[in-house]
Amino acid sequence: MWLYLVKRIVLAVAIIVIAVTLLFLMIHAVPGDPVATLLGPRATPEMKAQLYQQMGLDKPLAVQLVTFFVGLLQGNLGFDVFSQRPVAAIVFEQLPYTIELIMVSILWAVAIAVPLGSYSALRRNGVIDQVAGVVAVAAIAIPSFVMAVYALLVFAVTLHWLPAIGAGEGFGMGLVHLILPAFAIGIGWVGYISRLVRASMLEILGENHIRMARSFGISEWRIVSRYALPLAILPTVTILGVGMAWLLSSAVFIEVVFARPGVGALIVNAVNTRNYPIVMGVVLVTTFLIVAATTLSDVVNAFLDPRIREKL
């Protein structure tokens with residue numbers, strides 16, 4: 001297990017280096033002059049030259065990339081060109097709001113989807129299974145930002161049950177303000193995970209070791225909870241790790257719709273103003289989160305299923 005963990009960490013570091021390099025090149029390939037955007041049409045050549053030097057854009061692209069990685073190793077992500085504050089401080093001020101939104105969304109989705117998928121597998125082709133299948137497909141098909149708009153119109157504007165915008169102050173109000181955004185992101189995952197758990201559970205319930213457990217007179221509840229469910233949730237753990245990119249992209253739209261703080265609104269504003277240090281800081285942090293989530297899901301799968309350790 002320790003050897004597997006070391007291999008996965010080395011692989012994760014390599015992925016981060018490659019991903020950050022590609023994203024760095026892509027950001028610099030975006031059309032438009034960031035200095036002209038920041039200073040406006042009345043900027044003098046001297047002002048532009050000074051800002052080019054301050055942002056390091058007067059150097060060759062390879063030198064800029066090396067300088068960025070050197071600063072990264074020192075914990076320096078650069079400075080915001082507007083406020084001159086450290087990029088790391090700005091990003092990590094907004095990141096907890098996004099992490100909070102993603103965690104609440106996926107926790108309530110998993111809490112509903114896993115029991116629903118398991119029950120649908122045990123009562124295959126029953127009324128609940130058929131209804132759950134139709135609802136799941138509908139939930140998967142509706143994009144999160146569309147669900148956010150309709151939830152906002154129904155529960156906030158029409159019924160006045162829940163707040164429409166902001167993150168709220170304090171623990172209680174923060175949870176209330178999370179209900180609609182977390183619902184908009186998590187509802188699709190309820191359908192997706194429940195169908196995935198159902199399919200995996202049906203496959204596992206037909207395997208030989210399950211039949212043998214039943215022949216020994218072990219109760220159905222113990223068979224499902226101890227022998228079938230730990231294996232049935234393995235694909236779900238993998239999908240949650242890989243789906244971190246989907247969750248982050250959904251959070252960007254949801255934070256804009258509900259006017260919530262977070263890295264979503266931060267990166268949208270940074271892209272519009274060509275604020276390269278902020279864009280790179282957000283991209284770096286989100287890339288790290290995606291790779292970390294994927295690595296964690298692989299490690300959890302390897303812990304639950306020892307056969308996976310031998311495949312790397």
Can you list residue pairs whose Cβ atoms sit under 9 Å apart, with the first residue in the stretch 86-112 being under 18 Å from Ser144 (Cβ atoms) and the second being open to solvent by 60 Å² or more (accessible area, probe 1.4 Å)? Count only pairs 6 or more apart in sequence or on different chains.
Val104/Leu175; Val104/Ile179; Ser105/Phe183; Trp108/Phe183; Ala109/Tyr192
Applying the selection to the stretch 266-278, what residues are in a helix (DSSP H, G or I) and either open to solvent by 30 Å² or more (accessible area, probe 1.4 Å) or under 17 Å from Ala245 (Cβ atoms) (or both)?
Leu266, Ile267, Val268, Asn269, Val271, Asn272
Would you be able to tell me the number of residues in the stretch 91-115 that are more than 15 Å from Thr286 (Cβ to Cβ), surrounded by 22 or more Cβ atoms within 10 Å (Cβ to Cβ) and among the aliphatic types (A, V, I, L, M)?
2
So is Leu77 open to solvent by less than 70 Å² (accessible area, probe 1.4 Å), modelled with pLDDT of 70 or more, closer than 19 Å to Phe288 by Cα and assigned to a loop (DSSP other than H, G, I, E, B) or not?
yes
Of the numbered conditions (1) surrounded by fewer than 20 Cβ atoms within 10 Å (Cβ to Cβ); (2) touching a Ser or Thr at 6+ places or on another chain (Cβ under 8 Å); (3) modelled with pLDDT of 80 or more, Leu231 fails exactly one; give the number of that condition.
(3)
Conditions (1) surrounded by fewer than 22 Cβ atoms within 10 Å (Cβ to Cβ); (2) in a helix (DSSP H, G or I); (3) touching a helix residue (DSSP H, G or I) at 6+ places or on another chain (Cβ under 7 Å); number of the one not met by Pro261
(2)
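Take the stretch 61-74 and flag every residue that is in contact with a Gly (Cβ under 9 Å, 6 or more places away or on another chain) and open to solvent by less than 70 Å² (accessible area, probe 1.4 Å).
Val63, Gln64, Phe68, Gly71 - these are the residues of the stretch 61-74 that are in contact with a Gly (Cβ under 9 Å, 6 or more places away or on another chain) and open to solvent by less than 70 Å² (accessible area, probe 1.4 Å).
Being in a helix (DSSP H, G or I) and either modelled with pLDDT of 80 or more or basic (Lys, Arg) (or both) is the requirement here; does Ala302 meet it?
Working: in a helix (DSSP H, G or I): yes; either modelled with pLDDT of 80 or more or basic (Lys, Arg) (or both): no.
So Ala302 does not fit the description; no.
Residue under question is Ala109, and the condition is that it be under 21 Å from the mean Cα position of the chain (by Cα), under 16 Å from Ala199 (Cβ atoms), at pLDDT 85 or above and part of a helix (DSSP H, G or I); does it hold? Talk me through it step by step, then tell me what you get.
Details: under 21 Å from the mean Cα position of the chain (by Cα): yes; under 16 Å from Ala199 (Cβ atoms): no; at pLDDT 85 or above: yes; part of a helix (DSSP H, G or I): yes.
No.
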Apart from one, (1) under 28 Å from Phe253 (Cα atoms); (2) touching a Lys or Arg at 6+ places or on another chain (Cβ under 9 Å) all hold for Ser194; the odd one out is (2)
Within the set of pairs 6+ apart or on separate chains, which have a first residue in the stretch 279-293 that is free of Cβ contacts under 8 Å to residues at least 60 places away in the same chain, a second that is among the small types (Gly, Ala, Ser), and C-beta atoms under 8 Å apart?
Ile290/Ala245; Ala293/Gly241
Within the stretch 122-173, tally of residues that are in contact (Cβ under 8 Å) with a residue 60 or more places away in the chain and within 30 Å of Leu205 (Cβ to Cβ):
5
Note on the stretch 44-56: residues open to solvent by less than 50 Å² (accessible area, probe 1.4 Å) and either acidic (Asp, Glu) or at pLDDT 70 or above (or both) are Leu51
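The values are calculated or read from the model by the stated rules, or taken from the named source; none is laboratory data. None of these values were measured; they are calculated from a predicted model. Note that each Cβ is placed from the backbone with ideal geometry, even for glycine, and that neighbours are counted across all protein chains shown. Surface areas here come from the heavy atoms of the whole protein model, side chains and all, with no ligands, DNA or RNA. Shrake-Rupley method; radii C 1.70, N 1.55, O 1.52, S 1.80 Å.
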